[in-house]
Amino acid sequence: MQMRDEAGSVLDKFRQGDVDAFETLFRTHQRAVFGWVLRIVREPGAAEDVTIEAFWRIHRAHARFDPERGFEPWARRIATHAALDWLRRKKPESSVPAQMWENLPAPHASDAAVAAEIRQKTVSAFGRLPAKLRVAALLAVVEERPHKEVAEALGITVAAVKLRVFRALRLLRKDLNRMGITP
Amino acid sequence: MTLLLKSAIPRMDDDADLPRDLWPAMLRRMDEETSRGAASVPWFDWALAGGLVAFAAIVPRTIPVILYYL
């Protein structure tokens, strides 16, 4: 009960622009926000920058924060938009560096069957998708996050998430077909 | 298609660790933004100043009036 009161007090103070309360929230949530951003930008260095950008936006928007709705979903939404902006600023060809994917943790066993060239082309084609479709597909398909969670993070409806994923996969299929790959 | 995408792009580790505390970097960012905000003059202020100078150059008689209102 006392802990809940303290958390509520920190949120209230943050809403009033208190920097100490902001620091408390930053230290509590930086790891979660970084983890979420990393799922989208997929580069640890960039994820750090985007996390700081997201918290800067959070700090600026403190007066618009509604303590009733919770800090984490709000922070995640702001972080998702900061990550989207980062993806949009990056050139399509360089947005998904193939080397980077290969450095990530080992994929599932079934992946062994997938030829390296097909993987490479899929990664390149995925990197050429519009950023908002890419984020929806990354979170919903690759990261297997629930559609509701993705919808909340993007500030859209579940139906819109499904539509974005559908469009992303359709565009990806079309691009791969053009390169002679029939998934 | 979904399987191909999942094969090509592996999931991120669920417990991806934050390599360092980002608070010092956050503080630097806040300081930079604060000093930048204080130093920068909005474009419309420059436009207003430019307009006043132009107006004073075209109609020099208004200079005392402008100075009076400054």
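Coordinate-derived values only; no laboratory data. Quick caveat: nothing in here was measured; it's all calculated off a predicted structure. Counting neighbours? That spans all protein chains shown, and the Cβs are built from the backbone with ideal geometry, glycine included.
Scan the range A:127-146 for residues that are within 14 Å of chain B (Cβ to nearest Cβ) and either of a type in the set (Val, Ile, Thr) or in a helix (DSSP H, G or I) (or both) and jot them down. Break it down into steps so the answer makes sense when it comes.
Looking only at the range A:127-146, we keep the residues that are within 14 Å of chain B (Cβ to nearest Cβ), and these are A:127-129, A:133-145.
Selection gives A:127, A:133, A:134, A:135, A:136, A:137, A:138, A:139, A:140, A:141, A:142.
For the range A:153-162, does any single residue satisfy the condition of being in a helix (DSSP H, G or I), without any contact (Cβ under 8 Å) to a residue 24 or more places away in the chain and within 14 Å of chain B (Cβ to nearest Cβ)?
Step one: list which residues in the range A:153-162 are in a helix (DSSP H, G or I), which gives A:153-154, A:158-162.
Add one more test, that the residue is without any contact (Cβ under 8 Å) to a residue 24 or more places away in the chain, and what stays is A:158-160, A:162.
With within 14 Å of chain B (Cβ to nearest Cβ) added as a condition, the list becomes A:162.
Scanning the range A:153-162, I find at least one residue that is in a helix (DSSP H, G or I), without any contact (Cβ under 8 Å) to a residue 24 or more places away in the chain and within 14 Å of chain B (Cβ to nearest Cβ), so the answer is yes.
If only residues of the range A:41-63 that are farther than 13 Å from residue A:78 by Cα and part of a helix (DSSP H, G or I) are counted, the one that is farthest from the other protein chains (Cβ to nearest Cβ) is A:63.
Say we look at the range A:59-85 and pick out the residues that are more than 16 Å from the chain's Cα centre (by Cα) and of a type in the set (A, V, I, L, M); which of these is surrounded by the fewest Cβ atoms within 10 Å (Cβ to Cβ)? Going through the qualifying residues, I end up with A:63. When restricted to residues that are within 9 Å of chain B (Cβ to nearest Cβ), surrounded by fewer than 18 Cβ atoms within 10 Å (Cβ to Cβ) and within 18 Å of the chain's Cα centre (by Cα), the range A:20-40 contains 1. Determine if the range B:23-33 includes at least one residue that is within 14 Å of chain A (Cβ to nearest Cβ) and exposed (fewer than 11 other Cβ atoms within 10 Å of the Cβ). The answer is yes, given that some residue of the range B:23-33 is within 14 Å of chain A (Cβ to nearest Cβ) and exposed (fewer than 11 other Cβ atoms within 10 Å of the Cβ).
Please go through the range A:163-180 and pick out each residue that is aliphatic (A, V, I, L, M), surrounded by fewer than 15 Cβ atoms within 10 Å (Cβ to Cβ) and not in a loop (DSSP other than H, G, I, E, B). Steps first, please.
At the first step, the residues of the range A:163-180 found to be aliphatic (A, V, I, L, M) are A:163, A:165, A:168-169, A:171-172, A:176, A:179.
Add one more test, that the residue is surrounded by fewer than 15 Cβ atoms within 10 Å (Cβ to Cβ), and what stays is A:163, A:179.
The one that is aliphatic (A, V, I, L, M), surrounded by fewer than 15 Cβ atoms within 10 Å (Cβ to Cβ) and not in a loop (DSSP other than H, G, I, E, B): A:163.
Being assigned to a helix (DSSP H, G or I) and within 14 Å of chain A (Cβ to nearest Cβ) is true for just one of B:11, B:61, B:20, B:36. Which residue is that? Even if it seems obvious, please write down each step before you answer.
On the way: B:11 fails: assigned to a helix (DSSP H, G or I); B:61 fails: within 14 Å of chain A (Cβ to nearest Cβ); B:20 fails: assigned to a helix (DSSP H, G or I).
So the residue among B:11, B:61, B:20, B:36 that is assigned to a helix (DSSP H, G or I) and within 14 Å of chain A (Cβ to nearest Cβ) is B:36.
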